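Here is the structure we will look at, set down as structure tokens.
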Amino acid sequence: MKTVNILGSTGSIGKTTLKVIAKHRDKFSIGVLTAQTSVKELAQQAIDFGAKLAVIGDKTHYRALQEALSGHNIECAAGEQAIIDAAAHKADITMAGIVGMAGLQSLMKAIEQGGIIALANKEPLVAAGDLVLAACQKSGATLLPVDSEHNAIFQCLEPDNKSAVERLVLTASGGPFRDWSLDKMMAATPEQALKHPNWDMGAKISIDSATMMNKALEIIEAHKLFDMPASKIEVLVHPQSIVHSMIEYCDGSVLCQMGASDMCTPITNVMGWPHRIESAGEKLDLKTLSELTFKPVDESRFPSVRMAYDCLNSGLGACITLNAANEVAVAAFLDHKIAFLDIYKITARALDKLDTAPLNSLNDIVNYDIVSRLKAESVLDALTLGHVV
Ligand SMILES: NC(=O)c1ccc[n+]([C@@H]2O[C@H](COP(=O)([O-])OP(=O)(O)OC[C@H]3O[C@@H](n4cnc5c(N)ncnc54)[C@H](OP(=O)(O)O)[C@@H]3O)[C@@H](O)[C@H]2O)c1
């Protein structure tokens, strides 16, 4: 029996993880579950899975959580710090499924306690990858990628043949606006951007897929996770989302991992690792596949992908700013405050003048992230006042 902590259990990744666990109740038990505001769902999950501890980030829901769990012998707590403390609870597997940089501190705590860290929450890796990897080395924690592309690379990468890798090819669905003109994208609404053609995901990553900023973050994520130079990482648009990524080796072999567009597969892969266990999700029926196509990204409509390479060239400060400004811009777009293409404007303007502050510690990175958000917010304010930025 392995104990599993799920940080962000009420999100898309969290719920899929619970689906996998429901299929394998003989293999996994739940330690900690956390959410930010979805208190009813959190309490129900904790009861259904017999969690030891349920934590709600927003303290205003604490009473509701206590009432819902009364008589169930499940501890509860509330607040940002309570989530960080809960992440330190011993577990064999921690699913890092919080969205955005908000997951950074709890991820670091989970790493300190060791075990397997199933990493879905890519933003902390983009902004603090070296510290995350160093912390894993120190504690002995094993970081396993949940992102379908990185999980595919993880499955295809032969540890003894890393130097024979010519290219990592990250595939991208192209999102809901893959074939839209720039004019049409200019008027895109949050509702349209949230309708991903292949994947069912949380709001932030759905918008990131529409801008292809998700792929930008994934380029940086791949660079960190697999220690590959940016020049060896390529993105190809693959609208069918069947091939989740590929590795080209120097002998001409191209290894890929395929599967249905269902996060159950990569989540089951890391939950079962180093063994393979039955998936609770959709499986690929090869007989129904009519075509697999691949084409380059149109950077004139999706400048985010180029931004990732530029940021990797510029250094860590740029990667932190790219991520922070994008989080600010996506929230504003979801709030109907800005137009879709303004997301690129805000990130680009925030990247224009990077500070040269030292970035050696977690505190340095957190401060740089805050300053980057302030920069992005000032561009956002200018945009909402109708100024040209
Ligand atoms: N969804 C996917 O298929 C997918 C695939 C690959 C990678 N990822 C990555 O996985 C992460 C999670 O994505 P998701 O789609 O599952 O997101 P999501 O559906 O929005 O869920 C986010 C989870 O984090 C909690 N949360 C939100 N804000 C928080 C905060 N400030 N502090 C603590 N907890 C907070 C949410 O609680 P409430 O429910 O209470 O708001 C929820 O449990 C992201 O980094 C994403 O890029 C997702």
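What follows draws every value from the coordinates through simple rules; no lab data is involved. Just so it is clear, the structure is predicted and the values come from calculations on it, not from any experiment. Counting neighbours? That spans all protein chains shown, and the Cβs are built from the backbone with ideal geometry, glycine included.
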Per DSSP H run of n ≥ 4, the term is -39500 (n - 2.57); total these for the chain, divide by its residue number, and report the mean residue ellipticity at 222 nm rounded to 500 deg cm²/dmol.
-14000 deg cm²/dmol
The distance between the Cα centres of the range 164-234 and the range 105-138, in whole Å, is 22 Å
Test of understanding: what is the full-extension gain from ASN367 to ALA187, defined as 0.36 nm times their sequence separation minus their Cα-Cα distance?
61.4 nm
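Shape of the range 189-298 from its Cα gyration tensor (a ≥ b ≥ c, root eigenvalues): rounded if a/c is under 1.5, otherwise prolate when a/b > b/c, or oblate?
Details: a/c = 1.32, a/b = 1.05, b/c = 1.26.
It comes out rounded by the Cα gyration axes.
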So, over other residues within a Cβ distance under 11 Å of LYS15, counting Lys, Arg +1 and Asp, Glu -1, the net charge is -1
Under the rule rounded for a/c under 1.5, else prolate if a/b exceeds b/c, else oblate, using alpha carbon gyration tensor axes a ≥ b ≥ c, the chain is classed as rounded
Using a 7 Å offset from the Cα along the Cα-to-Cβ direction at both GLN81 and ASP26, what is the distance between the two label points in nm, to one decimal?
4.4 nm
Give the separation of the Cα centroids, the range 328-360 to the range 1-52, in Å.
33 Å
Violating pairs (Cα-Cα greater than 22 angstrom) within the set LYS15/LYS52; LYS337/LYS375; LYS52/LYS224; LYS52/LYS90; LYS59/LYS138; LYS23/LYS283:
LYS52/LYS224; LYS59/LYS138
So how far apart, in nm, are the two label points at ARG306 and LYS287 if each is 7 Å from Cα heading toward Cβ?
4.7 nm
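For an R0 of 25 angstrom, estimate the FRET efficiency from the Cβ-Cβ distance between ASP355 and TRP199 and round to the nearest 0.05.
Numbers: r = 35 Å, r/R0 = 1.41.
Computed FRET efficiency for ASP355 and TRP199 comes out at 0.10.
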